[in-house]
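Report on one structure; see the data block that follows.
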Ligand code: NDP
């Protein structure tokens, strides 16, 4: 397409960093291309000391929104005009959306997980065991609780982090919450519906890292989910398949949070298959 340039009021950007090697970027841009959107999604590194100016810059340059990653998920809130419900409960934002003149913080990590889970089961009334108590665990448990999950067993190595998440959930959602310090192979209690790995165990390059879990306690009635997107076939995913469980891999969550982000920014329903394919091409290469 030929475009007439008038060179008025423009800044043209020159990023001194690779902008095409981020899997999320490849996934989002694959969707833009597939749906004929002449848009870009760029990965820009921002030092914590420059976060305030970066958000001002995003406003000034008319960004329709942006994602933010650790360490900006909490700090960015001070620079926004409002929060969606789950971002407000979690106290963390990973997706910012321009609505009129306002920048609103949302959290799509947990919502992405919820969408993947809903393809297999309704979380309402379900009993959940989750390993980990970091940002991913927080986002997932808050979203599942808002969707009606009734009981959480939080299993975490560090007591401080585990108890912190238990306290947050007890104060803000209706579900019952217990915390168990993770020591040795954890046995999944009878009656558990959903088992989730929300730790970083199994993330590339530690492909064969093992979650300390008594695999014999996994039952075919359980849904087992792993947040690790790379590699998607973690040892837990393989073990759970071997026990006849229904399985969700980490690509599902990543794709769905991207789908929700694009819906927020562009107002379209992107095709998740195209987005998953873009990730698989990267992670399998
Ligand atoms: P955090 O650093 O906030 O939390 C990490 C968690 O993993 C903590 O609970 C930590 O326990 C636990 N952990 C790490 N290593 C071990 C170990 N060797 N043994 C026991 N526990 C361990 O990270 P996030 O919560 O932000 O991210 C966790 C994972 O989720 C990452 O791998 C990330 O890639 C993935 N993720 C995937 C998404 C997706 O869309 N698929 C979205 C967001 C995250 P402790 O408190 O004891 O240190």
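Points worth noting:
- Each of residue 34 and residue 208 was given a label point 7 Å from its Cα along the Cα-to-Cβ line. The distance between the two points is 3.5 nm.
- Label zone (residue 26, point 7 Å along Cα-to-C-beta; backbone nitrogen cut-off 17 Å) within segment 201-226: 204-205.
- Note on residue 81 and residue 8: the extension gain reaches 23.3 nm, defined as 0.36 nm multiplied by sequence separation minus the Cα-Cα distance.
- Each Cα pair under 8 Å and six or more residues apart adds its sequence gap; the mean of these over the residue count of segment 143-187 is a relative contact order of 47 percent.
- Stretchable slack from residue 190 to residue 277, in nm (0.36 nm times residue separation minus alpha-carbon distance): 27.7 nm
- Prolate/oblate/rounded label for segment 6-82 (Cα gyration tensor, a/c 1.5): oblate
- Summarising the label geometry, the points placed 7 Å from Cα in the beta-carbon direction at residue 183 and residue 219 lie 2.7 nm from one another.
- Folded to 0 to 90 degrees: helix 51-60 orientation relative to the chain principal axis, Cα: 50 degrees
- Relative contact order (%) - criterion: Cα under 8 Å, at least six apart; region: the chain: 17 percent
- Mean ellipticity per residue at 222 nm, deg cm²/dmol - from DSSP H runs of n ≥ 4 across the chain, formula -39500 (n - 2.57): -11000 deg cm²/dmol
- The calculated FRET efficiency for residue 61 paired with residue 172, based on their beta-carbon distance and R0 = 35 Å, is about 0.50.
- Shape of the chain, Cα gyration tensor, a/c cut at 1.5: prolate
- Distance from segment 107-151 to segment 187-250 (C-alpha centre basis), Å: 15 Å
- 0 to 90° range, to nearest 10: angle between helix 135-146 axis and the chain longest Cα axis: 80 degrees
- Cα gyration tensor shape of segment 164-285, rounded if a/c is under 1.5, else prolate or oblate by comparing a/b with b/c: oblate
- Gain on full stretching of the segment that runs from residue 263 to residue 52 - 0.36 nm per residue minus C-alpha separation: 73.4 nm
Read the figures in this text as sums done on the coordinates, not as results from a lab. Computed from a prediction, not measured in an experiment: that's the story for all the values here. All Cβ positions, even for glycine, are placed from backbone atoms using ideal geometry, and neighbour counts span all protein chains on display.
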